Every structure is written in structure tokens, then in C-alpha cells.
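Peer 1: I am attaching a structure below and will ask some questions about it afterwards.
The values are calculated or read from the model by the stated rules, or taken from the named source; none is laboratory data. Note that the coordinates shown come from a computational prediction; the quantities given were computed from them, not determined experimentally. Neighbour counts run over all protein chains shown; Cβ positions are idealised from the backbone, glycine included.
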Amino acid sequence: MTALSLGYSPCPNDTFIFYAMVHGRIDTSTVRFNEVLLDVETLNRRALQGELDVTKVSFHAIGHLREKYCLLRSGAALGRGCGPLVISKNEYTMDDLHSKKIAIPGKLTTAYLLLQLYDPRFSGQRSAVSSQQQIIEMPFHEIMGSVANGAVDAGLIIHEGRFTYPSYGLQEVIDLGAWWEKETGLPIPLGGILAKRSLGNDLIRDIDTVICRSVTYAFENRSEPADYIKQHAQELSDDVINQHINLYVNDYSVDVGDEGEEAVKELLLRAEGAGIIPESNRHVFLHNLL
């Protein structure tokens, strides 16, 4: 039995996807997975150090990890109408925010990559245009409260924040996912599952097959993972949890498909062109994993 570390976030979409494979509900072949639940930016950082065998990361982080890791076809958060939002308490435009404090959920998140692709002036680099701008990193679940209490002027929100920000008295400034979809015609790749290339192609294919089975099991047994999901969720409302899963777990989570591959390629090419991630000759996927 091969023991592998498996990193994923405590968010409902991830606990839904991985429930079956870490609770013995499906055959995992000769592999045992030791779960490591951390917020996605911490997972991004740990992957940069090569600390995890298999892990969920932001697609932004994948751009820095292609030499050590490859992207699996199953388990991804990728879709339409699910992108990050910039929110504020006051009525700001994006131009107004060039001179404001903006909270982000991490500099390696896809949300922050999209913000920079939308407008490079949000890179956090001081300039004549944005001399007062401050990009402030904080855990994603603290952002809305910080905007509401005036600690920051605006926030870049992800996960269930998409459903709950109005309850904080906040308003949308821009939907960066909608911008991406209009700009490219493609779904937005938010997060994916990586495996260390050093594990070898055969084991990586087995891992991808197990994740695919785990997603399928969750879809076929929707209520079974409920207690596990609630144990880790930031937001305990059944309605919000179900909205979260319905939005972020979909057919792309079973297999990214041709359109998903195109979306990933486009995101990484744009990030390379903007100098946000290093160029790489590595193909992000192992071809025909499943």
C-alpha cells in the first residue's frame, strides 16, 4: 500500500469531491491517501515547497509548479458564473480602487491573477498612478468582515463569499469571472488537482482514476458526505453549502474535457504574456490520463 499526502481545502466543493476516497467508500487500489486540509493559499505555498504528493491548488499557482507537478483531469473547480468578485461597502468603480486598500485571499490565487490580467495596475507595485494603493493578503473568510468594518476599502472574494457578501451590507464592483468569459468565451479555471511528476505516469493515472470515481460517487450519493462537509465548512447554512457545491462541482470536475484544457491553456498563456508566471515548455497535463 502506497501512502500519499493529499491536500485540499475545507470548502464544500473539495470535501464533497474527496469524501469517498478518504473514507473508504470506493476502491483506491494500492494507494492510501492521508488528507491535509488547509486553505487554498496555504496549499499553494506548500506545493511550491514540494511538500505534498497530490494537492488542490489555484490555477495561478500551477503556473509556478509545472516543472515538479502535472495537472490531473479530475477534481477541478472550473466553470461559468463562478468567478471571483471585487466587492466594497461604498460605491466605487475599479478606477477608484487604484488608490485604495484592497484585501485579497492570496497572491497565488487565481482571483488575484484575474485582477492583474483585468488591470495590471493592481499588481501591488507602487507607481505614479497607484501610489496609495495597498494590496493586503488575508484569509479569504476574513475579507468581507474587513471590508464591512472599514479596515480595507474593497475585497477580492472567492468561495461562498459569492453568495453571502450582501448580508455584510456590501456590493459588487466587478465580477472578474464574467469579465473573463466575455473576454475569452471560455469557462474560468479556478483550481485544479496536481500530482508530483516524480510519482510516475502509471501511479498518476491511477490517482486520477480514483479522484474521478470519488467525484462520481459523491454525485450519486449526494446526502452521504453532508456531515463531513459541515464539519469543515466556514458557512454552515445548508442552502449556501448546496449552492457552493452546485456551482463549483460540475462535469468539468469529472473530466476537464477539451474546452477545459483550452481554458487552462489560455489562462496560463495570458499570465505568461503579462510576466506574472514564468514561461515553461512543460505540458501541464499528462496526455490521456483517463
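Peer 1: How many of the residues making up the range 8-36 are assigned to a strand (DSSP E or B) and out of contact with any Asp or Glu (no Cβ under 8 Å at 6 or more places or on another chain)?
Peer 2: From the range 8-36, those assigned to a strand (DSSP E or B) are 8, 31-36; that's our starting set.
Add one more test, that the residue is out of contact with any Asp or Glu (no Cβ under 8 Å at 6 or more places or on another chain), and what stays is 32-36.
Total satisfying the criteria: 5.
Peer 1: Check off (1) crowded, with 22+ Cβ neighbours inside 10 Å; (2) closer than 21 Å to residue 247 by Cβ; (3) in contact with a Leu (Cβ under 9 Å, 6 or more places away or on another chain) for residue 172 and give me the number that stays unchecked.
Peer 2: Condition not satisfied by residue 172: (1).
Here's the yes/no breakdown for (1) crowded, with 21+ Cβ neighbours inside 10 Å; (2) out of contact with any Cys (no Cβ under 7 Å at 6 or more places or on another chain); (3) under 23 Å from residue 268 (Cβ atoms):
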| position | (1), (2), (3) |
| --- | --- |
| 110 | yes, yes, yes |
| 113 | yes, yes, yes |
| 118 | no, yes, yes |
| 136 | no, yes, no |
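Peer 1: For residues in the range 205-250 being more than 22 Å from residue 161 (Cα to Cα) and among the polar types (S, T, N, Q), which is surrounded by the most Cβ atoms within 10 Å (Cβ to Cβ)?
Peer 2: In the first step, residues of the range 205-250 are kept if they are more than 22 Å from residue 161 (Cα to Cα); the result is 205-224.
If we keep only those that are among the polar types (S, T, N, Q) as well, we get 209, 214, 216, 221, 223.
Values: 209: 18, 214: 24, 216: 15, 221: 12, 223: 6.
Here the residue is 214.
Peer 1: Only one of 126, 73 is in a loop (DSSP other than H, G, I, E, B), under 18 Å from residue 261 (Cβ atoms) and either of a type in the set (Lys, Arg) or at pLDDT below 95 (or both); which?
Peer 2: Values: 126 fails: under 18 Å from residue 261 (Cβ atoms).
Being in a loop (DSSP other than H, G, I, E, B), under 18 Å from residue 261 (Cβ atoms) and either of a type in the set (Lys, Arg) or at pLDDT below 95 (or both) holds for just one of 126, 73, which is 73.
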